[in-house]
Amino acid sequence: MELGFLRRCPELTGKVRNWEMKLSYNWLKKFVDFELSPQELASMLISVGIETSVVSTGCDWCNVVTVEVLEVLKHPGADRLSLCKVNDGSKDYSIVCGAKNIAAGQIVPLAKIGAVLPGNFKINKSKIRGTVSEGMICSEADLGLKKESDGILILDKNTKMGVALENVLSGLDSILEIEITTNRGDCLSHLGVAREIGAKLRKILSFPIIKTFNIPYLNCIEVKSDLCRRYIGSVISGVKICPSPGWIADALEKSGIRPVNNVVDITNYVMIELGQPLHAFDITKLSSKKIVVRKAVDFEKITALDGKEYKLDSEMLVIADSKKPVAIAGVMGGEYSGIDEKTETVFLESAIFDAVSIRKTSKKLNLSSGSSYRFERGLGWNITELASWRAANLIIEIAGGRMEAREDLQIVKYERADIALRVEKVSKILGCAVKEDEIAEILRFLGIDLQSRGTIIFCTVPSWRNDIKKEVDLIEEIARIKGYDVITSPEKRCAAEVCATDNSFLHAVAEEFRVKLNGLGFSEALNYSFSEIAELEKFDLKYSYKIANPISKENEVLRPSLLPALYKNLLLNIGRGSETVTLFEYGKIFTGLGERKAFAVIMYGKVWQKWWKWAEQKISPKYDFYFGGGIIRNILSSDEFIIAENLNAESYYHSGKTASVVYKGKPVGHFGVLKPSITDDDVESDVFYFEIDLEPFENVCAGKKSLYKAYSKFPEVKRDISITADKALQFSEIEKVIKNVMKSGGILKEYSLFSVYSDESKIGNGKISYSFRLSYKNSERTLTDEEVNKDMNVLLQKLDTDFGVKLRC
């Protein structure tokens, strides 16, 4: 089993690592006939949900031409170098070359001065050991055609000189790199991706010719665990181990796999062709001719093909002979039973193992391979048999030999998935009309068997599509292949309402916050729900849930707050030169109360200068406690919210620069400035943070509809008042009285605080003064002074009666 054909993406902040697979453009065309260019194909695959990029066009060079080697002389200053004279049909060139296989009379590729080779390697005129070289004679590795090469590329002797190399070489191929989502393991092969292309373009697939044989029953396989669903074993004798033919070796190298020998290469070839992992054993190396699929014994050991020894436990599945394990099932074969040049009889394995079991084994052993990656995502029941016959055909064709016996054990009965699809439901969910004929055509090209009965289509899902389980999954497939870009009807909003989850009120609240913050110039951040313990400790945050087998150190616990990730986003933006960072996030947090939905905002740097005509000021205002608090007051527009003293302030807040958000008497959120001791050196000013738990106030926005209300055409009357109160009285109590007066249906419509005065020598000991601007309005007529004075006196009397608050003279 080869490890190299899948590779992990570079690790990025906030992203879980994924796997990528390389595909041959020409190989895909063998399965399905299409005329798209590599770039067009990549765009089409992206449109159906497969992230794709073209990593090589097969000709990643320029200014490389064919030349004839006229003479090869020894370099005067280096024993291992040659001084060659070459000619392109019109001019001679002096080239210094280090290849051992260079000889006069050969036709070779020459990268002239100014040429560019893969990796943006530019050829310049240079001196090598004192001798001028006017270019470079290229190998296949230099041209990116192979990973390694022993010498220069020697072309056919009848090749014309001075011709661009790309016009001489046949079979140049483009390489595409795909990244799949975890539910689409069926796309981890050329066949799987070809199915997607065929479905989108409505093209029928072409399959390689595969022969089956009537041969004796093997009767030497014993399966002792239902973690193995199906196991097919074939014995092929009389094989001759040697290097693979060029077409197989070339196909593997394009997919990033190092060729080993013909039998091993065939198992890897079939895996990337059909998606089924295979393994070949040298049956003569086994202590018995019986193959046993069983669970390992605790502390049992095996040396795998990578040369490392692994300690097993009783939860892991192994392939064993009568004495010891010879392979870690679904992960990697054992070194002991591997194929080598002396092998003559091969035992070929094709199986289906439990996906969860393989995942656990791979994580415990910290051992991942192309095989384990596929088994973890589930395999098609029928592909297992198809791949077994395909590999057997290729082994007999390429390595010789004959098939002696075969056994197919089906430990678990395959149960097909049958789903009823309502035709009218498709249009209702997608929000646009989709005819039954089009629905049927799309599903058939996806390999789904159909039986129509009136307005219902009964669908039998193929075994390789284990991600399709419900009616809505079929509808998603129709949308994916039809094209999301054509679903433009406004009715799709209604469809979204049909599918709304039970906690849609949370999304309504979050959406109201989102709209307001977007209007204020804020950007939304999206982070994963995992965190690193060290990051939490920085903010003195405690985690409640730890991941048993984290994929990386950054993902070892479930986050109890949105703060660490948003702060990380802040530092990333500052590091890239941003003077202002305004972000918000709506996501999950995990506390002692379980999974919660939370909303958070972080602000830093200069406030947008165009606000309040600040562009004319020489000094730009910055986000601080008061400005940040004003924004929070703006998004918490409901009267149910009260800003109060933060009696149990989080330790990461600056003392005296924090407040609490109270809803129906209970604190549900908090905001403030992060204390300087925990911020990084790059942070030069205050960092304002706000977080609110959305769970407690489900009815704040749920079910409410925004209705148009005409603005009054009659003038408003404004009155400024100053009142004195005891310093011990919370300001929120005064606000509550004002709001109650407004709710009573009077003419007081708005209020704002514009001054706070606390000079006790002027207003008395233990006293504080607040100045308000009150706005009075009537939608039907102009107010008189008597009406305004009467309503204002009602407010002042209420403040005096309840709290002894007096009008300041």
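The values are calculated or read from the model by the stated rules, or taken from the named source; none is laboratory data. These figures come from a predicted structure and were not determined experimentally. Neighbour counts run over all protein chains shown; Cβ positions are idealised from the backbone, glycine included. Quick note on the areas: whole protein, heavy atoms, side chains included, nothing else; ligands and nucleic acids left out. Shrake-Rupley method; radii C 1.70, N 1.55, O 1.52, S 1.80 Å.
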Can you tell me the length gained on complete extension of the stretch ILE551 to ASN158, counting 0.36 nm per residue apart and subtracting the Cα distance? 136.0 nm
Per-q log10 I(q)/I(0), segment 540-695, q = 0.16 Å⁻¹ (Debye; single scatterer per alpha-carbon; no solvent): -0.97
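For the chain, what's the relative contact order in percent, using C-alpha pairs closer than 8 Å and at least 6 residues apart? Don't skip to the end; give the middle numbers.
Details: 1559 pairs, mean separation 71.1, N = 809.
Result for the chain is 9 percent.
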Between the helical axis of 190-201 and the dominant principal axis of the chain, each derived from Cα atoms, what acute angle in degrees is found, rounded to the nearest 10? 60
Setting aside same-chain residues fewer than 8 positions from LYS435, which lysines have a Cα under 16 Å from its Cα? LYS425, LYS482
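Given the pairs LYS568/LYS666; LYS516/LYS713; LYS664/LYS777; LYS363/LYS413; LYS295/LYS323, which span a C-alpha to C-alpha distance of over 20 angstrom in this model? Before the final figure, lay out each step's value.
Working: LYS568/LYS666 30 Å; LYS516/LYS713 26 Å; LYS664/LYS777 29 Å; LYS363/LYS413 28 Å; LYS295/LYS323 13 Å.
As for pairs spanning more than 20 Å Cα to Cα, those are LYS568/LYS666; LYS516/LYS713; LYS664/LYS777; LYS363/LYS413.
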How about LYS100: which lysines have a C-alpha closer than 23 Å to its C-alpha, ignoring those fewer than 8 places off in the same chain? LYS74, LYS85, LYS112, LYS125, LYS127, LYS146, LYS147, LYS157
Largest-first principal axis extents of the Cα set of the chain (Å): 110, 73, 58
Which listed residue (ILE221, PRO245, PHE207) has the Cα farthest towards the positive end of the charge dipole for segment 161-300, taking +1 on Lys and Arg C-beta and -1 on Asp and Glu C-beta about the Cα centre? ILE221
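Once a ≥ b ≥ c are taken as the square roots of the eigenvalues of the Cα gyration tensor of segment 20-166, is the result rounded (a/c under 1.5), prolate (a/b larger than b/c) or oblate (a/b not larger than b/c)?
Numbers: a/c = 2.70, a/b = 2.29, b/c = 1.18.
Cα axes put segment 20-166 in the prolate bin.
Using only the Cα atoms of segment 125-180, build the gyration tensor, take square roots of its eigenvalues as a ≥ b ≥ c, and label the shape rounded, prolate or oblate: rounded if a/c is under 1.5, else prolate if a/b is larger than b/c, else oblate. Walk me through the numbers before you get to the answer.
Details: a/c = 2.43, a/b = 1.45, b/c = 1.67.
Oblate, because a/c is 1.5 or more while a/b does not exceed b/c.
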Based on Cβ point charges of +1 for Lys and Arg and -1 for Asp and Glu, what charge dipole magnitude is obtained for the chain about its Cα centre, in debye rounded to the nearest 20? 500
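Which GluC sites (Glu not before Pro) in segment 88-157 pass both tests, a DSSP loop state and at most 11 other beta-carbon atoms within 10 Å?
GLU148
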Just tell me which aspartates and glutamates come within less than 18 Å, Cα to Cα, of LYS798; anything on the same chain fewer than 8 places away is out. ASP720, ASP726, GLU733, GLU735, GLU750, GLU787
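With a ≥ b ≥ c taken as the square roots of the eigenvalues of the C-alpha gyration tensor of segment 98-215, please select rounded if a/c is under 1.5 and otherwise prolate if a/b is larger than b/c or oblate if it is not?
Working: a/c = 2.81, a/b = 2.10, b/c = 1.34.
Prolate, since a/c reaches 1.5 and a/b exceeds b/c.
So for segment 338-399, Kirkwood radius off the Cα pairs, Stokes-Einstein at 20 °C and 1.002 mPa s: how many µm² s⁻¹? It would help to have the intermediate numbers written out before the result.
Details: Rh = 13.5 Å.
So the translational diffusion coefficient is about 159 µm²/s.
What are the trypsin sites (Lys or Arg not before Pro) within segment 557-599 that DSSP puts in a loop, where the Cβ has at most 15 other Cβ atoms within 10 Å? Each step should come with its number before you reach the end.
Working: sites: LYS568, ARG576, LYS588, ARG596, LYS597; in loops: ARG576.
For trypsin sites (Lys or Arg not before Pro) across segment 557-599 that sit outside H, G, I, E and B with at most 15 neighbouring Cβ atoms in 10 Å, the list reads ARG576.
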Enter the angle in degrees (range 0 to 90, nearest 10) between the Cα long axis of helix 563-575 and the first principal axis of the Cα atoms of the chain, meaning the one along which they spread out most. 80
On the full set of protein chains, 1.4 Å probe, figure out the accessible area of LEU520 and give it in Å² to the nearest 10. 50
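Please list MET792, MET316 in order of solvent-accessible area, largest first, computed with a 1.4 Å probe with all protein chains present.
Working: MET792 25, MET316 5 Å².
Solvent-accessible surface, decreasing: MET792, MET316.
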ARG402 - accessible surface, heavy atoms, 1.4 Å probe, Å² rounded to 10: 140
Name the residue farthest towards the positive end of the dipole of segment 325-393 from the options TYR336, ALA387, LEU367, assuming +1 on Cβ of Lys and Arg, -1 on Cβ of Asp and Glu, about the Cα centre. LEU367
Any idea how far the Cα center of segment 422-479 sits from the one of segment 532-566, in Å? 41
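Cβ under 14 Å from LYS100's Cβ, LYS100 left aside: what net charge do those residues give with Lys, Arg +1 and Asp, Glu -1?
Numbers: positive: LYS74, ARG80; negative: ASP79, ASP150.
Combined, the nearby Lys, Arg, Asp and Glu give 0.
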What do you reckon, how do VAL193, VAL260 stack up by accessible area (1.4 Å probe), largest on top? VAL260, VAL193
Using the alpha-carbon atoms, what tilt in degrees (0 to 90, nearest 10) does helix 262-274 show relative to the longest principal axis of the chain? 40
Under the helix-only model (-39500 (n - 2.57) for each DSSP H run of 4 or more, divided by the residues of the chain), the mean residue ellipticity at 222 nm, to 500 deg cm²/dmol, is -7500 deg cm²/dmol
Keeping all protein chains in the complex and leaving out DNA, RNA and ligands, what accessible area do you get for LYS311 with a 1.4 Å probe, in Å² to the nearest 10? 120
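Please compute, over every Cα-Cα pair in segment 498-584, the percentage with a separation greater than 20 angstrom.
51
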Express in nm, to one decimal, how much length is gained between ASP759 and LEU783 on full extension, taking 0.36 nm for each residue of separation and deducting their alpha carbon distance. 5.0 nm
As a test of reading the structure, rank CYS432, CYS228 by solvent-accessible area (1.4 Å probe, protein chains only), most first. CYS432, CYS228
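Beyond 15 Å, what percent of the Cα pairs of segment 217-319 remain? Intermediate results must be reported in sequence, preceding the final value.
Numbers: 3783 of 5253 pairs.
For segment 217-319, the share of Cα pairs beyond 15 Å comes to 72 percent.
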Radius ratio Rg over Rh of segment 79-135, counting only Cα atoms, Kirkwood formula for Rh: 0.95
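Send over the semi-axes of segment 277-363's equivalent ellipsoid, whole angstrom and largest first, taken as the square roots of 5 times the C-alpha gyration tensor eigenvalues. Please list the in-between numbers first.
Values: eigenvalues 82, 36, 30 Å².
Rounded to whole Å, the semi-axes are 20, 13, 12.
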